[in-house]
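We did not get these values from a lab; they are worked out from the coordinates using the rules stated. Bear in mind that the values here come from a model prediction, so they are computed numbers and not experimental data. FYI the Cβ positions are ideal-geometry reconstructions off the backbone, even for glycines, and counts take in every protein chain you see.
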Amino acid sequence: MKLSLDLADYYAFPDHRQLHEDPSEGTYCGYHDIEGGYYRVRVLKFSQPLGLYFHHKEQARVRLIDVGCVQVVDVNQLLTLPEHFLQIPAQVIETFICGVRPCDEDVDWPEEAVYISQNLLQSKVLYGKVALSCGQTLWLDPVEHRVTLEGINLTTALKTPQQELIKVGLAEQNTTHLIKLAETLGIIRDHREIDATNLSHVALPLNSSVEVYISAVISPDLFYVQLLEHGDSLDAVDVSLNDDQIPAMSSAGVAQAR
């Protein structure tokens, strides 16, 4: 929330709203949306090669680095981003759900699965355990939607998002997911190259439970989370780090890792 206000305050001055003269893939920019909001974005690709009058006709595919979602925008909405905003870590963490994959060994999720996942994940309190991590990417297993039964003060887990997708025939189990991930991550950690063009990211504290909220759902197995203290959404997930069990929830929904 503070970052959003700081961006709005900075770009409130007309002299600060300078079009980016030479955006390229990987460039960090300010973005002014049609509703008047300001965001930090990273350019992913362009819809056509830049021309002499690119700001009149060009579109770019960008990721909102503090939200996680991807949008197609006009290049004339991309603004220069001052250095002090480049020093602030990206506010979201890439998060995957383990154990499911598209049916028939497909590599892409159908739109129906994405839509259902958004309904399953957003606007609900979820609880997840970090099974693996690499850099600022987390893999959760399991992820549960829990409810408290009134009158008997008992918290029970409903079906997981993975189970719901399997039930409606839009996903299948991937029983070797974690094993293959662990093998792959070992290789990545040994050979990862540092990309100096990337912003740093916020980090979650280890050996504790933290509250985050889902800022964007990209697919049934990928969403982005932001520390609850950095935003104003109620789409919360309680993430337990480095714990052998999903911790028991108190009546307030706050867990402490053992």
Worksheet item: Under a 5 Å amide H to amide H cut-off, with H placed in plane at 1.01 Å, what residues pair with Ile65 once short-range neighbours are removed?
Response: Arg40, Val41, Arg42
Worksheet item: From the phi of every residue in the stretch 58-74, what ³J(HN,Hα) in whole Hz does the Karplus formula 6.51 cos²θ - 1.76 cosθ + 1.60 yield, where θ is phi - 60° and glycine or proline is x?
Response: 7, 10, 10, 9, 10, 10, 6, 6, 9, 10, x, 6, 10, 9, 9, 10, 6
Discussion item. Which order do the peptides 122-129, 133-140 come out in when sorted by mean C-beta neighbours inside 10 angstrom, highest first?
Written reply: 122-129, 133-140
Practice prompt. Pull up all non-local amide H partners of Leu132: gap of 5 or more, or a different chain, and H-to-H distance under 5 Å with H placed in the peptide plane.
Written response: Trp139
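Can you tell me the dipole magnitude for the stretch 1-44 around its Cα centre, using point charges on the Cβ only (Lys, Arg +1; Asp, Glu -1), in Debye to the nearest 20?
Values: 4 positive and 8 negative charges, 35 e Å.
Here the stretch 1-44 has a charge dipole of around 160 debye.
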Practice prompt. Starting from the amide H of Gln18, placed 1.01 Å from N in the peptide plane, find each other amide H under 5 Å away whose residue is 5 or more places distant or on another chain.
Written response: Thr80
